[in-house]
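So the structure is just underneath, and the comments pick up after that.
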Amino acid sequence: MFNSLSDRLTQTFKNLRSRGRLSEADIDATVREIRRALLDADVAVPVVREFTRAVRERSLSAEVSGALNPAQQVVKIVNDELVAILGGQTRPLHLAKTPPTVIMLAGLQGAGKTTLAGKLALALKEQGHTPLLVAADLQRPNAVNQLSVVAERAGVPVFAPHPGNTSAADDPAADAPLIGDPVGVARDGVAEARAKLHDVVIVDTAGRLGIDEVLMRQAADIREAITPDEVLFVIDAMIGQDAVNTAKSFADGVDFTGVVLSKLDGDARGGAALSVAQVTGRPIMFASTGEKLTDFEVFHPDRMASRILD
Ligand code: GDP
């Protein structure tokens, strides 16, 4: 991902390097090329506008510094602004003072939520936590199975209405949550985590193919029922321009505390995903980079900016 954007920006800076001093016209020409590269990479128009305005202004007023030549200064400014649109700093997961930390996942169907649930559970387990996965996605018949498979691969337990409801399996007399009531499953899952002393509980919720009111209502109801410490919005970086509108709808409909960019290993242009933090004002916290449970990283805005400008 971002290869083409990266190539375009690198080329722009290469052209700049042959210049000793930079005139206003040189800077304007550079900013125009940057604007085109960002738009071609699907970065959202308002984000491009603000980005190029800041780069132009700062480049024009850049002091001649001993350490950096003019071209290097522009590269540094672009780097700083990229870090800024990606959210500035790395935002770690907030853990609850009193366990369990409740993490809810939201996003469209196919965004990569279930996979992410497994990745996050594995990463947390490796840090010494004891996560429980909760299958509150009752939309698709196979979703519960998929989460159970992912949980098994991660080596963590799953709380699911059917099949393999861990509470029912452990205790045949226990009431299994009703199939078809995702809010109830989510609530019972969190209660189960509390009862069995899991210090983190990750609740997978249903997505649909597109934004719809029923989906948003359900996610909002789950949120209200379990008062999560984190709501992570998972977005497929391959969906291009739709990413921004989808993110805005989820920000309005469910609200979320952080973003997970998934499928960053794909070869789509990726710029829309780069716009999501800026457009929603929520930080990108993790990146999903493949189908294996270990294809998962904490998102560092500065490292991503360097990767793009490398
Ligand atoms: P959900 O509907 O949001 O729960 O999405 P899933 O977790 O089921 O993922 C949908 C598809 O995308 C599955 O085939 C996953 O294997 C695949 N997938 C998920 N995350 C990634 C990723 O980071 N990279 C790639 N290449 N595929 C992924």
For this session: Give the range 293-307 a look and list any residue that's surrounded by fewer than 19 Cβ atoms within 10 Å (Cβ to Cβ) and away from the ligand (no atom under 15 Å from the Cβ), or say none.
Result: His300, Asp302, Arg303, Ser306, Arg307
Problem set entry | Arg187 surrounded by 13 or more Cβ atoms within 10 Å (Cβ to Cβ) and at pLDDT below 95 | no
Exercise. Out of curiosity, is Gly266 closer than 13 Å to Gly112 by Cβ and among the small types (Gly, Ala, Ser)?
Worked result: yes
For this session: Those residues that are in a helix (DSSP H, G or I), open to solvent by 60 Å² or more (accessible area, probe 1.4 Å) and touching a Lys or Arg at 6+ places or on another chain (Cβ under 9 Å), I need them from the range 25-73; list them, please.
Result: Glu33, Arg35, Arg36, Asp40, Arg49, Gln72
For this session: Please indicate, with yes or no, whether at least one residue in the range 99-117 is modelled with pLDDT of 90 or more, within 11 Å of the ligand (Cβ to nearest atom) and surrounded by fewer than 22 Cβ atoms within 10 Å (Cβ to Cβ).
Result: yes
Problem set entry | Cross-chain or 6+ apart pairs with Cβ under 8 Å, the range 28-44 first and of a type in the set (Lys, Arg), then open to solvent by 20 Å² or more (accessible area, probe 1.4 Å) | Arg36/Arg8
Seminar exercise, completed: Considering the range 200-212, residues that are of a type in the set (D, E, K, R) and in contact (Cβ under 8 Å) with a residue 60 or more places away in the chain, and then whichever is surrounded by the most Cβ atoms within 10 Å (Cβ to Cβ), we arrive at Asp204
Exercise. When the residues of the range 259-292 are filtered to those that are crowded, with 23+ Cβ neighbours inside 10 Å and not hydrophobic (A, V, I, L, M, F, W, C), which remaining residue is nearest to Leu108 (Cα to Cα)?
Worked result: Ser262
Exercise. Does the range 81-93 contain at least one residue that is open to solvent by less than 40 Å² (accessible area, probe 1.4 Å) and over 24 Å from Ala247 (Cβ atoms)?
Worked result: no
Problem set entry | Test: residue in the range 169-179 that is modelled with pLDDT of 95 or more and either exposed (fewer than 14 other Cβ atoms within 10 Å of the Cβ) or in contact with a helix residue (DSSP H, G or I) (Cβ under 8 Å, 6 or more places away or on another chain) (or both) | no
Problem set entry | Given (1) assigned to a loop (DSSP other than H, G, I, E, B); (2) more than 16 Å from the ligand (Cβ to nearest atom); (3) buried (at least 16 other Cβ atoms within 10 Å of the Cβ), index of the condition Leu197 fails | (3)
Exercise. Restricting attention to the range 46-57, does a residue exist that is more than 16 Å from the ligand (Cβ to nearest atom) and hydroxyl-bearing (Ser, Thr, Tyr)?
Worked result: yes
Problem set entry | Number of the condition not met by Glu81 [criteria: (1) within 28 Å of Pro228 (Cβ to Cβ); (2) more than 16 Å from the ligand (Cβ to nearest atom)] | (1)
Exercise. What number goes with the only condition from (1) within 23 Å of Leu209 (Cβ to Cβ); (2) in contact (Cβ under 8 Å) with a residue 60 or more places away in the chain; (3) within 15 Å of the ligand (Cβ to nearest atom) that Leu261 does not pass?
Worked result: (2)
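The values are calculated or read from the model by the stated rules, or taken from the named source; none is laboratory data. Quick caveat: nothing in here was measured; it's all calculated off a predicted structure. Using ideal geometry, Cβ is built from the backbone for each residue, glycine included, and neighbour counts are taken over all protein chains shown. Ligands, DNA and RNA are stripped out before the accessible areas are found, and what is left, the full protein with its side chains, is counted by its heavy atoms. Shrake-Rupley method; radii C 1.70, N 1.55, O 1.52, S 1.80 Å.
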